Amino acid sequence: MPVRNTIASEASPARPTISIHALGVACGLAAGVWLGAAEAPTKLVNSGLSPYAISLCMVAGVFTARWTFPTLLKGTSYVISDLLSKKHLIVWALLAGALWAVANTLTVFAIRDVGLAIAFPLWNANSLVGIFWGWLLFGELRGANRNTIARVLIGAVGIVIAAVLLGFSTIHGATSGHHAVQGILAAGGASLLWGTMYVPYRKAYLSGMNPLSFVTAFTVGELGTVLALVLFLDGGTRAPVFHSAQVRPMLFWLFLGGFVWVVGDLFQQFAVKYLGIGRGIPLSNTNQLWGLAWGALVFGELVNASTVQRGMVISGSAVMILGAVVISSAIAGQPEHSSALDVLRKDCARYGMDYAKVAAAYGGEEASGTNDRRRWWDYLIVAAAVGVFVRLATWAAVPPIAMNLHWLPLLGVVLIVSLSACTWALWKTTKLS
């Protein structure tokens, strides 16, 4: 939720190059573009790899990228200092990473059973879970006027209707009922976990932590969890992902998927920081539109669908997007700002933090005296990450699945433009704080 104007007088002078609310909206939309593209590599489950193997390889790419971006943008000295100044949040970051890892594995099962174009809208019902937690724990919507509450509720109901419509079209479409039910349950589980995952996010940002620092600890939790899933549920040390010759040619694509996901998730975290859970998640859930574009245009998922099934998919997607737009247009008023600040004050008192500094960081102001100077090892970390991708690229092979390559350049341009525009806006307004 936007609080910058509220706390400006308490914490720092205003410098509204771009309003914080508009910045949060831009981050949410950019997150949708990148998160939508990130799931495309999971189509590799059609090549025989288990969902656990797919998830582990993607998370390994996520791990590589999550350490690289903070190092490149702020430097390890800044990240470590930020983490150590808020040690109580490290365990929350690890928990969020664990929730993400399990949810991501469930999405691979969902894509395998019901397809990318169908699974996306179902797990994007996580916005409903997020709205509930935002209201219960962080004061979102408390004190809001009737118009604001109505917009949020109408948007939430629209998302539920869309999820039901898309689930119905899956069961009665080309996919067999047994696998469709499994896919729907997997997507629903991912929705629940991803909606809950934002609780640690929001708690961290109410304590003034930079999203770039949060994801550095977050990635340790997600990699450890997905590795445990492989060891306990996919054959242990004998799991095919560690020994199969077919894995190596696919590693580049899965690492690339993890890399793309990190970009989207960073934008999503800035959206949650500046808009709140109930508004930030629906905006990032426009990834459903981009997931549909990748699934339908590149992978041809709707080629053999019936007219009725296509109509349900398109209608459900449109309803879900409209629901997200309605929710995100519900701008928080002064009473709701006050509720958020009350939560912030309580956290500052509980953990002995300086309210003025935390409020400034929460509103996008960098604290004075922060050290974001790059060290020699920062460049070494970035070089190592680039080296990993270059090495994997030498092993890469075109995945043995049908793809329409004519759409790839256009979708790639959309990715680059959204990345450039939103990064510039973040830097211009908050210096990536």
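The values are calculated or read from the model by the stated rules, or taken from the named source; none is laboratory data. These numbers come from a predicted model, not from an experiment. Virtual Cβ from ideal backbone geometry, glycine too; neighbours counted across all protein chains shown.
Please count how many residues of the stretch 414-433 are among the charged types (D, E, K, R) and assigned to a helix (DSSP H, G or I).
Result for the stretch 414-433: 1.
In the stretch 74-109, how many are more than 30 Å from V181 (Cα to Cα) and outside any loop (DSSP other than H, G, I, E, B)?
Qualifying residue count for the region: 17.
Quick one: how many residues across the stretch 310-337 are buried (at least 19 other Cβ atoms within 10 Å of the Cβ) and either of a type in the set (D, E) or over 22 Å from the mean Cα position of the chain (by Cα) (or both)? Steps first, answer last, please.
Within the stretch 310-337, the first condition is being buried (at least 19 other Cβ atoms within 10 Å of the Cβ), and the residues that meet it are 312-313, 316-317, 319-321, 323-324, 326-328, 330, 332, 336-337.
Still in the running and either of a type in the set (D, E) or over 22 Å from the mean Cα position of the chain (by Cα) (or both): 312-313, 332, 336-337.
Final tally of qualifying residues: 5.
If only one of L212, L254, L266, L223 is farther than 21 Å from T71 by Cβ and either modelled with pLDDT under 85 or part of a helix (DSSP H, G or I) (or both), which one is it?
Working: L212 fails: farther than 21 Å from T71 by Cβ; L266 fails: farther than 21 Å from T71 by Cβ; L223 fails: farther than 21 Å from T71 by Cβ.
None of the others qualify; the one that does is L254.
Starting from residues that are touching a Leu at 6+ places or on another chain (Cβ under 6 Å) and at pLDDT 85 or above, keep the ones in the stretch 392-412 and report whichever is surrounded by the fewest Cβ atoms within 10 Å (Cβ to Cβ).
Looking at residues that are touching a Leu at 6+ places or on another chain (Cβ under 6 Å) and at pLDDT 85 or above, I get W407.
Of all residues in the stretch 276-310, which are of a type in the set (K, R) and touching a helix residue (DSSP H, G or I) at 6+ places or on another chain (Cβ under 7 Å)?
R279
Would you mind stating whether T71 is part of a helix (DSSP H, G or I), at pLDDT below 85 and hydroxyl-bearing (S, T, Y)?
yes
Find all pairs meeting these conditions: Cβ atoms under 7 angstrom apart; at least six residues apart or on different chains; first residue within the stretch 100-114 and farther than 16 Å from A40 by Cβ; second residue among the acidic types (D, E).
That search, which allows pairs on different chains as well, returns W100/E222; A101/E222.
May I ask you to verify whether G264 is surrounded by 23 or more Cβ atoms within 10 Å (Cβ to Cβ) and either under 16 Å from L23 (Cβ atoms) or touching a residue at least 12 places away in the same chain (Cβ under 8 Å) (or both)? Before you say what the answer is, go through the steps one by one.
Working: surrounded by 23 or more Cβ atoms within 10 Å (Cβ to Cβ): yes; either under 16 Å from L23 (Cβ atoms) or touching a residue at least 12 places away in the same chain (Cβ under 8 Å) (or both): yes.
Answer is yes for this residue.
Looking at (1) farther than 30 Å from L432 by Cα; (2) surrounded by fewer than 24 Cβ atoms within 10 Å (Cβ to Cβ); (3) at pLDDT 80 or above; (4) hydrophobic (A, V, I, L, M, F, W, C), find the lone condition where V160 falls short.
The single condition V160 does not satisfy is (3).
Read through the list (1) out of contact with any helix residue (DSSP H, G or I) (no Cβ under 7 Å at 6 or more places or on another chain); (2) modelled with pLDDT of 90 or more, then give the number of the only condition that L415 fails.
The one condition L415 does not meet is (1).
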